[in-house]
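The structure appears right after this line, and notes come after that.
The values are calculated or read from the model by the stated rules, or taken from the named source; none is laboratory data. All figures in this text were calculated on a predicted structure; none of them were measured in a lab. Because the Cβ atoms are built from the backbone with ideal geometry, glycine has one as well, and the counts that use them run over all protein chains shown. Only protein heavy atoms, including side chains, enter the accessible area calculation; ligands, DNA and RNA are left aside. Shrake-Rupley method; radii C 1.70, N 1.55, O 1.52, S 1.80 Å.
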Amino acid sequence: MSNPVLEGIQRDLHATALGKAELLCDYHTTPTSVEIDSPVLFEAITIFDPTLVGYQPDERWQLDTVRCSDCDVRTIEPETFGYMEVLVRLSVTITNNVVSVEAPDVDDVEVLFFSSPAEGSRPMEVNQQLREAAPNDYGLSRWARVRDLLESEPPAELRESIEELIDQSPDSPITLE
(Lines give C-alpha, C1' and ligand atoms only; values in the text may rest on other atoms or scores of the structure.)
Protein backbone atom coordinates (compact mmCIF):
# COMPACT_ATOMS: atom_id res chain seq x y z
CA MET A 1 0.00 0.00 0.00
CA SER A 2 1.40 3.39 -0.93
CA ASN A 3 1.91 6.14 1.63
CA PRO A 4 1.74 9.64 0.12
CA VAL A 5 3.60 11.24 3.07
CA LEU A 6 6.54 8.84 2.80
CA GLU A 7 6.55 9.09 -0.99
CA GLY A 8 6.52 12.89 -0.84
CA ILE A 9 9.32 13.06 1.71
CA GLN A 10 11.46 10.64 -0.29
CA ARG A 11 10.77 12.43 -3.58
CA ASP A 12 11.34 15.96 -2.27
CA LEU A 13 14.25 15.41 0.12
CA HIS A 14 16.42 12.83 -1.67
CA ALA A 15 19.68 14.51 -2.76
CA THR A 16 18.93 17.74 -0.86
CA ALA A 17 22.32 19.41 -0.30
CA LEU A 18 22.90 20.36 3.33
CA GLY A 19 26.21 22.18 3.02
CA LYS A 20 29.92 21.62 3.26
CA ALA A 21 31.35 18.54 5.00
CA GLU A 22 30.07 19.15 8.53
CA LEU A 23 26.47 19.08 9.70
CA LEU A 24 25.62 21.17 12.78
CA CYS A 25 22.62 20.86 15.10
CA ASP A 26 20.16 23.74 14.82
CA TYR A 27 19.33 23.74 18.54
CA HIS A 28 22.52 24.65 20.34
CA THR A 29 24.07 28.08 20.95
CA THR A 30 27.54 26.60 20.49
CA PRO A 31 28.04 24.59 17.30
CA THR A 32 27.40 20.91 17.93
CA SER A 33 28.42 18.44 15.25
CA VAL A 34 25.91 15.89 14.04
CA GLU A 35 27.21 12.36 13.56
CA ILE A 36 26.49 11.36 9.98
CA ASP A 37 27.69 7.75 10.02
CA SER A 38 24.12 6.67 10.87
CA PRO A 39 20.72 8.15 9.91
CA VAL A 40 20.23 11.74 11.05
CA LEU A 41 17.19 13.19 12.82
CA PHE A 42 15.47 16.05 10.97
CA GLU A 43 12.29 18.07 11.26
CA ALA A 44 10.72 18.48 7.83
CA ILE A 45 7.75 20.63 6.91
CA THR A 46 5.37 21.56 4.20
CA ILE A 47 2.94 24.48 4.36
CA PHE A 48 -0.73 23.72 3.79
CA ASP A 49 -2.59 26.82 4.97
CA PRO A 50 -3.03 29.60 2.37
CA THR A 51 -3.97 32.08 5.13
CA LEU A 52 -0.51 32.10 6.75
CA VAL A 53 0.62 35.70 6.43
CA GLY A 54 3.75 36.01 4.32
CA TYR A 55 3.86 32.36 3.23
CA GLN A 56 2.54 30.54 0.22
CA PRO A 57 1.27 26.97 0.45
CA ASP A 58 3.92 24.61 -0.85
CA GLU A 59 3.28 20.98 -1.64
CA ARG A 60 7.00 20.17 -1.44
CA TRP A 61 8.66 18.91 1.72
CA GLN A 62 11.65 20.82 2.96
CA LEU A 63 14.07 20.23 5.79
CA ASP A 64 13.54 22.73 8.57
CA THR A 65 16.01 21.66 11.26
CA VAL A 66 18.65 19.06 11.96
CA ARG A 67 19.11 17.49 15.38
CA CYS A 68 22.20 15.98 16.99
CA SER A 69 22.31 12.83 19.11
CA ASP A 70 22.05 15.01 22.27
CA CYS A 71 18.56 16.07 21.18
CA ASP A 72 16.41 13.37 22.73
CA VAL A 73 13.29 14.16 20.74
CA ARG A 74 10.32 11.89 20.06
CA THR A 75 7.69 14.42 18.98
CA ILE A 76 7.34 17.91 17.60
CA GLU A 77 5.79 20.01 20.35
CA PRO A 78 4.03 22.28 20.32
CA GLU A 79 2.49 21.59 16.95
CA THR A 80 1.77 24.43 14.53
CA PHE A 81 -1.52 24.77 12.65
CA GLY A 82 -1.11 25.10 8.87
CA TYR A 83 2.10 23.10 8.73
CA MET A 84 2.45 19.40 8.10
CA GLU A 85 5.40 18.57 10.35
CA VAL A 86 7.39 15.35 10.61
CA LEU A 87 10.24 14.13 12.72
CA VAL A 88 12.15 11.95 10.31
CA ARG A 89 15.37 9.96 10.26
CA LEU A 90 17.28 10.02 6.95
CA SER A 91 20.70 8.84 5.85
CA VAL A 92 23.16 11.38 4.53
CA THR A 93 26.18 11.06 2.29
CA ILE A 94 29.22 13.19 1.47
CA THR A 95 30.07 13.73 -2.19
CA ASN A 96 32.65 16.30 -3.27
CA ASN A 97 32.78 17.57 0.33
CA VAL A 98 29.02 18.34 0.32
CA VAL A 99 26.61 16.62 2.73
CA SER A 100 23.35 15.52 1.09
CA VAL A 101 20.28 13.49 2.04
CA GLU A 102 20.45 9.92 0.75
CA ALA A 103 16.94 8.43 0.38
CA PRO A 104 16.65 6.78 -3.03
CA ASP A 105 13.69 4.61 -1.93
CA VAL A 106 10.62 5.12 0.25
CA ASP A 107 12.04 2.44 2.57
CA ASP A 108 14.92 4.83 3.33
CA VAL A 109 12.54 7.23 5.12
CA GLU A 110 11.77 6.61 8.80
CA VAL A 111 8.99 8.87 10.11
CA LEU A 112 9.05 9.02 13.92
CA PHE A 113 6.31 11.62 14.38
CA PHE A 114 3.68 13.19 12.12
CA SER A 115 1.62 16.32 12.77
CA SER A 116 -1.37 17.16 10.61
CA PRO A 117 -1.75 20.76 9.42
CA ALA A 118 -5.16 20.79 11.17
CA GLU A 119 -3.52 20.31 14.59
CA GLY A 120 -1.79 22.78 16.88
CA SER A 121 -1.82 26.52 17.42
CA ARG A 122 -1.73 29.21 14.75
CA PRO A 123 1.89 30.15 13.97
CA MET A 124 3.73 32.89 15.79
CA GLU A 125 3.30 36.30 14.24
CA VAL A 126 6.56 37.21 12.46
CA ASN A 127 7.56 40.84 12.01
CA GLN A 128 9.17 42.31 8.90
CA GLN A 129 12.60 42.48 10.56
CA LEU A 130 12.61 38.75 11.30
CA ARG A 131 11.24 37.93 7.85
CA GLU A 132 13.97 40.02 6.19
CA ALA A 133 16.67 38.43 8.36
CA ALA A 134 15.60 34.95 7.21
CA PRO A 135 13.67 35.43 3.94
CA ASN A 136 13.57 31.76 2.91
CA ASP A 137 13.05 30.29 6.37
CA TYR A 138 9.50 28.98 6.09
CA GLY A 139 9.57 27.26 9.47
CA LEU A 140 10.52 30.40 11.39
CA SER A 141 7.08 30.80 12.95
CA ARG A 142 6.66 27.14 13.97
CA TRP A 143 6.09 26.85 17.70
CA ALA A 144 8.55 23.97 18.17
CA ARG A 145 11.31 26.14 16.69
CA VAL A 146 10.28 29.17 18.73
CA ARG A 147 10.31 27.15 21.97
CA ASP A 148 13.66 25.52 21.23
CA LEU A 149 15.18 28.85 20.20
CA LEU A 150 14.18 30.39 23.51
CA GLU A 151 15.56 27.37 25.39
CA SER A 152 18.92 27.80 23.62
CA GLU A 153 19.36 31.16 25.40
CA PRO A 154 19.64 33.53 22.43
CA PRO A 155 21.18 37.01 22.79
CA ALA A 156 19.03 39.34 24.95
CA GLU A 157 17.93 41.55 22.04
CA LEU A 158 16.72 38.58 19.98
CA ARG A 159 15.03 37.03 23.02
CA GLU A 160 13.13 40.28 23.74
CA SER A 161 12.02 40.52 20.11
CA ILE A 162 10.75 36.93 20.10
CA GLU A 163 8.96 37.41 23.42
CA GLU A 164 7.18 40.49 21.98
CA LEU A 165 6.12 38.46 18.93
CA ILE A 166 4.83 35.68 21.19
CA ASP A 167 2.78 38.23 23.15
CA GLN A 168 1.30 39.56 19.89
CA SER A 169 0.38 36.10 18.66
CA PRO A 170 -3.30 35.40 19.35
CA ASP A 171 -2.91 31.62 19.68
CA SER A 172 0.40 31.12 21.49
CA PRO A 173 0.94 27.79 23.26
CA ILE A 174 4.11 29.22 24.87
CA THR A 175 3.80 30.99 28.21
CA LEU A 176 6.53 33.37 29.27
CA GLU A 177 7.70 33.68 32.84
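The table for this structure:
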read-out	value
Every pair of residues 6+ apart whose Cβ atoms lie under 8 Å, when the first sits in the stretch 117-146 and is at positive phi while the second is part of a loop (DSSP other than H, G, I, E, B)	120/78; 120/79; 120/81; 120/173
Sole exception among (1) of a type outside the set (Lys, Arg); (2) over 17 Å from residue 117 (Cα atoms); (3) touching a residue at least 12 places away in the same chain (Cβ under 8 Å); (4) outside any strand (DSSP E or B) for residue 41, by number	(4)
Within the stretch 148-177, tally of residues that are within 20 Å of the chain's Cα centre (by Cα) and open to solvent by 70 Å² or more (accessible area, probe 1.4 Å)	3
For residue 97: the one exception among (1) at positive phi; (2) free of Cβ contacts under 8 Å to residues at least 60 places away in the same chain	(2)
Selected residue (only one of 16, 32 is surrounded by 12 or more Cβ atoms within 10 Å (Cβ to Cβ) and free of Cβ contacts under 8 Å to residues at least 60 places away in the same chain)	32
Enumeration of residues in the stretch 131-147 that are in a helix (DSSP H, G or I) and either buried (at least 19 other Cβ atoms within 10 Å of the Cβ) or of a type in the set (S, T, N, Q) (or both)	143, 144, 145, 146
Some residue of the stretch 151-164 being farther than 20 Å from residue 28 by Cα, out of contact with any Pro (no Cβ under 6 Å at 6 or more places or on another chain) and of a type outside the set (Gly, Ala, Ser)	yes
Neighbours by Cβ (under 8 Å, 6+ apart or cross-chain): first from the stretch 150-177, in contact (Cβ under 8 Å) with a residue 24 or more places away in the chain; second assigned to a helix (DSSP H, G or I) and basic (Lys, Arg)	150/159; 153/159; 174/147
Qualifying positions in the stretch 73-102 - assigned to a strand (DSSP E or B) and hydrophobic (A, V, I, L, M, F, W, C)	84, 86, 87, 88, 90, 92, 94, 98, 99, 101
Residues satisfying the stated conditions in the stretch 63-97, i.e. of a type in the set (Val, Ile, Thr), over 11 Å from residue 142 (Cβ atoms) and open to solvent by less than 40 Å² (accessible area, probe 1.4 Å)	66, 73, 86, 88, 92
